[in-house]
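A.B. asks: Okay, handing you the structure first.
The numbers here are math on the coordinates, done by the rules we state, and not lab data. All figures in this text were calculated on a predicted structure; none of them were measured in a lab. Glycine gets a Cβ as well: all are built from the backbone with ideal geometry, and neighbour counts include every protein chain shown.
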Amino acid sequence: MKASKSLNGFIDLRSDTVTLPTEEMLEAIKNAELGDDVFGEDPTVNRLEEMAAKKMGKEAALLVPSGTMADLVSVTSNTKRGDSAILEADSHIYWYEVGGISAIAGVMPLPVRGKMGVMDPRDIEAAIRPRDVHSAETTLVCIENTHNRAGGTIVTPAQIEAISKVAKEHSLRLYMDGSRIFNASVAMRVDVKEFTKHVDNLMFCLSKGLSCPIGSIVVGSEDFIKKARKVRKILGGGMRQAGIIAAPGIIALEKMIDRLEDDHRNARLLAEGLAKIEGVNINLEAVQTNIVMLDVGVLGVGSEAFINELRKRGVLALSLGETRVRMVTHRGIEREDIEKALTIVENMVKEVKSRKR
């Protein structure tokens, strides 16, 4: 099974979740040493969790099936029912996780509008609910790194430290949805521990740019992970011979992080090419990692119509709003694919404009 840019021949820029495992990962799955993970007896899972905790500078880690479960497990483990949690207004937890923190964790979200995905510490402080009989007590702050809807933007270590200071002053826990945290680390050329040292706990995905077929990791203190393990079980995430999931994760942490720089380089090439096409608006400042957001409103077409036209020409993208389109680079997308996609978009835009004359 080869890493592929395509679904039936398409240049697939919808997400870095479409990556396929490497041949080495598939071999590792086949040869993984297995045991019952619910009993703590899967040696491959144990090794991955130990590696993840060490890499993040935390005491312990927990393998879960998905990023959404990782966030839900973490929010639940950081709070009690009836609490409130501050998060960025465009965060993944708030937009794309089916309201799980409310429906299952029993936590009320307090959305705060950030700038390019980063909340101002003063706005966080202002959003904290008072500890009185009338209020849902605020106990948690959630940040997202990199920030999906903002365009893969980075919450820098300095910004995290400033947010952490406010959280500590008010006895709040700080959690990071670090789904693409290695993209941030590679882009800034700093050790990932610089991002994690000011948060109480976090998660990161194996199944996006790191090319694993499944899995995310929750990381934190031993006490936090002990609680998270029980919450995972409640949610049906207790797995048996889960070493088949963990085996490619080990390879991901050993070999797949540095290559994220290729994705960032291709995203920059894509963004700069799109910015030259009249009728496509790009905020180049926001293109910091592997996500490119474009606005097609000036063309007089909606994002759904735009991506449907693209699909007819062999390029896949996602709608993220009435006129916003997302494109994501990943392993399997090469420079020539970007150049081909840019030619397709340019020609398509010309056709759209000519039809409107």
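A.B. asks: For Lys30, give me every one of the lysines with a C-alpha distance below 19 angstrom, ignoring sequence neighbours fewer than eight places off in its own chain.
C.D. replies: Once the sequence-local lysines are set aside, what remains near Lys30 is Lys2, Lys255.
A.B. asks: Can you compute the charge dipole magnitude of the chain about its Cα centre, using +1 on each Lys and Arg Cβ and -1 on each Asp and Glu Cβ, nothing else charged? Give it in debye, rounded to the nearest 20.
C.D. replies: Its charge dipole is roughly 660 debye.
A.B. asks: Turning to a different aspect of this structure: Net charge near Lys115: determine it from the other residues with C-beta under 15 Å of the C-beta of Lys115, scoring Lys and Arg +1 and Asp and Glu -1.
C.D. replies: -3
A.B. asks: I'd like the distance between the alpha-carbon centres of the range 195-240 and the range 276-338, rounded to an integer number of Å.
C.D. replies: 31
A.B. asks: Around Asp200, under 10 Å between beta carbons, what's the net of Lys plus Arg minus Asp minus Glu among the other residues?
C.D. replies: So the environment of Asp200 carries a net charge of +3.
A.B. asks: Less than 19 Å apart at the alpha-carbon level, and either on another chain or at least 8 residues along: which aspartates and glutamates does that give for Lys230?
C.D. replies: Asp36, Asp37, Glu41, Asp42, Glu49, Glu50, Glu59, Asp71, Asp200, Glu222
A.B. asks: Could you work out the helix-only [θ] at 222 nm for the chain, with each DSSP H run of four or more residues adding -39,500 (n - 2.57) and the total divided by the number of residues, to the nearest 500 deg cm²/dmol?
C.D. replies: -12500 deg cm²/dmol
A.B. asks: In terms of modelled amide H atoms, which long-range or inter-chain residues lie less than 5 Å from the amide H of Leu318?
C.D. replies: Hits under the 5 Å cutoff: Arg326.
A.B. asks: Answer with one residue from Leu253, Cys212, His198: the one whose Cα lies farthest towards the positive end of the charge dipole of the range 150-253, charges on Cβ with Lys, Arg +1 and Asp, Glu -1.
C.D. replies: Cys212
A.B. asks: Further, regarding this structure: Less than 15 Å apart at the alpha-carbon level, and either on another chain or at least 8 residues along: which aspartates and glutamates does that give for Lys340?
C.D. replies: Answer for Lys340, where 15 Å is the Cα cut-off: Asp12, Glu272, listed by chain and number.
A.B. asks: Roughly speaking, what is the centre-to-centre gap between the range 31-83 and the range 95-151 when only Cα atoms are used, to the nearest Å?
C.D. replies: Spelled out, the Cα-based centre of one part sits 23 Å from the other.
A.B. asks: Near the amide H of Arg173, under 5 Å away, which other amide H atoms are found, from residues 5 or more places off or on another chain, if H is placed in the peptide plane?
C.D. replies: Placed amide hydrogens put Leu140, Val141 under 5 Å from Arg173.
A.B. asks: Then there is this: Could you go through the range 199-208 in sequence order and give the Karplus-derived ³J(HN,Hα) for each residue, using 6.51 cos²θ - 1.76 cosθ + 1.60 with θ = phi - 60°, rounded to whole Hz, and x for Gly and Pro?
C.D. replies: Going residue by residue, I get 10, 6, 7, 6, 10, 8, 9, 8, 9, 9 Hz, with x marking Gly and Pro.
A.B. asks: For a 21 Å ceiling on Cα separation, which of these pairs sit above it: Lys54/Lys193; Lys165/Lys197; Lys55/Lys168?
C.D. replies: Lys55/Lys168
A.B. asks: Hey, fewest Cβ within 10 Å first, where do Arg268, Arg189 land in order?
C.D. replies: Arg189, Arg268
A.B. asks: When the Debye formula is applied to the Cα atoms of the range 92-223, each taken as the same point scatterer, what base-10 log of I(q)/I(0) results at q = 0.15, 0.21 Å⁻¹?
C.D. replies: -0.74, -1.45
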